[in-house]
Amino acid sequence: MEPGLKEQLETKTAVYFPIALDIIRLDETADFDLFILLKDQNKHILYREKHLPFTEPEKKRMLENGVDTLYVQEEDYAAYRHYLETHLSAILDDPKLPVEQKGELLYTSLVGLIEDVMLDSRTALTVTRSRSIVQNTCKFLYAHRNSLEHMMHICKFDYNTYTHSINVFIFSMALGQRIFPLKTLMNDFGMGALLHDIGKSRIPPEILNFKGKLSEEQFAVMKKHPVYGDEMLKKAGAFPLLTFDMVRHHHERIKGGGYPDNLHGSQIRREVRVLTIADIFDALTTRRSYKESMNSFPALKLMHEKMRDHIDTDIFKVFVQMMGQPKKG
């Protein structure tokens with residue numbers, strides 16, 4: 001076979017990813033086709049075309065035949081992710097789904113939201129989607145005793161702006177549960193934590209993705225991202241005031257010297273102080289192209305010994321307790 005023809009055939013080969021049967025909502029339609037894997041032939045065949053509802057009798061028949069997994073083409077991943085986000089509340093409420101799987105689906109939805117928001121934060125839909133997914137995260141964290149452990153296990157520790165935003169959001173929400181007594185506060189707080197780095201979408205890629213320590217000039221540009229984020233969300237409108245405050249001030253320091261407004265002490269809200277601790281911890285424990293990640297215990301030790309001027313030490317004590325007794329390594 002000629003090399004060119006072989007390359008064309010390989011390009012046309014479909015790639016599939018599995019989804020649990022229980023994820024598909026009964027009597028609802030989706031914007032992607034569903035496939036079944038014929039294991040004896042190692043071949044995927046079309047089972048259900050997009051826009052056709054999936055019914056209870058069909059599900060029962062599949063389970064009776066030992067089929068509990070369906071497949072979606074990789075090219076439909078964006079549509080699948082949108083479907084997850086749309087039905088996330090029902091999925092998280094489903095008693096048949098294990099908590100580990102719920103956590104993975106929640107994380108997938110969070111990645112999709114952050115990617116979309118980074119591309120365009122201007123629409124009112126950004127506000128609606130952010131609020132909805134934060135509410136669902138609150139519900140998940142409060143409903144399951146070990147939800148933090150499950151979410152932390154899923155967290156990706158190879159750095160990019162999307163995964164960092166989500167990791168910080170998860171740590172912030174877990175810590176916020178222990179600091180703030182009112183569940184209602186967590187929704188506004190969560191939106192600030194989730195969107196805290198949205199301003200990085202306006203940082204030039206050559207600086208944002210620079211492999212190495214930034215120069216003074218590059219860092220001066222990077223330091224503008226909290227202001228950019230504040231401006232972007234104000235253009236989108238309808239966000240809580242707390243969200244703006246968290247986005248703008250998560251790099252302020254408890255004893256001053258932070259940016260962009262050189263706040264200190266009581267000028268920095270407690271919600272912002274929680275976010276700052278989560279942000280620093282994830283930065284230390286995330287692997288980058290120019291540095292290895294730190295394990296939890298060394299990172300907490302470094303924060304305790306070297307960053308006391310940066311963080312609220314009382315809130316940090318709660319964070320250490322939340323993280324348990326990490327192993328050295």
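Working note: 222 nm ellipticity from helices only, DSSP H runs with n ≥ 4, each -39,500 (n - 2.57), summed and divided by the residues of the chain, gives -17000 deg cm²/dmol to the nearest 500.
Size of region 160-262 from its Cα atoms: along the principal axes, largest to smallest, the extents are 43, 29, 28 Å.
Based on alpha-carbon positions alone, could you give the equivalent ellipsoid semi-axes of region 188-329 from the gyration tensor, as √(5λ), descending, whole Å? Could you put the intermediate results ahead of the total?
Values: eigenvalues 117, 82, 39 Å².
Values for region 188-329, descending: 24, 20, 14 Å.
According to the calculation over all Cα-Cα pairs in region 30-133, the P(r) per 5 Å bin from zero is 2, 10, 17, 21, 20, 15, 8, 4, 2, 1 %.
Expressed as a whole percent, the accessible surface of region 44-156 that belongs to carbon and sulfur atoms is 52, based on a 1.4 Å probe.
Largest GNM mean-square fluctuation among Arg253, Arg273, Arg178, using the chain with Cα springs under 10 Å: Arg178.
Summarising the label geometry, the points placed 7 Å from Cα in the beta-carbon direction at Glu231 and His153 lie 4.4 nm from one another. Pairwise alpha-carbon distances in region 268-326 exceed 20 Å for 21% of all pairs.
Result for the chain in a Gaussian network model with C-alpha springs under 10 Å: among Pro260, Pro57, Pro98, the largest mean-square fluctuation is at Pro57. Between Leu302, Leu233, Leu194, the GNM of the chain built on Cα springs shorter than 10 angstrom shows Leu302 fluctuating the most. Once you sort the root eigenvalues of the Cα gyration tensor of the chain as a ≥ b ≥ c, which label holds: rounded (a/c under 1.5), prolate (a/b larger than b/c) or oblate (the other case)? Cα axes put the chain in the prolate bin.
Could you sort the peptides 40-53, 127-140, 65-78 by per-residue average Cβ neighbour count (10 Å cutoff), highest mean leading?
Details: 40-53: 11.5, 127-140: 19.9, 65-78: 14.5.
Ranking, from highest mean packing down: 127-140, 65-78, 40-53.
The values are calculated or read from the model by the stated rules, or taken from the named source; none is laboratory data. These numbers come from a predicted model, not from an experiment. Please note: Cβ atoms are built from the backbone with ideal geometry, for glycine as well, and neighbour counts cover all protein chains shown. Ligands, DNA and RNA are excluded from the accessible area calculation, which covers all protein heavy atoms including side chains. Shrake-Rupley method; radii C 1.70, N 1.55, O 1.52, S 1.80 Å.
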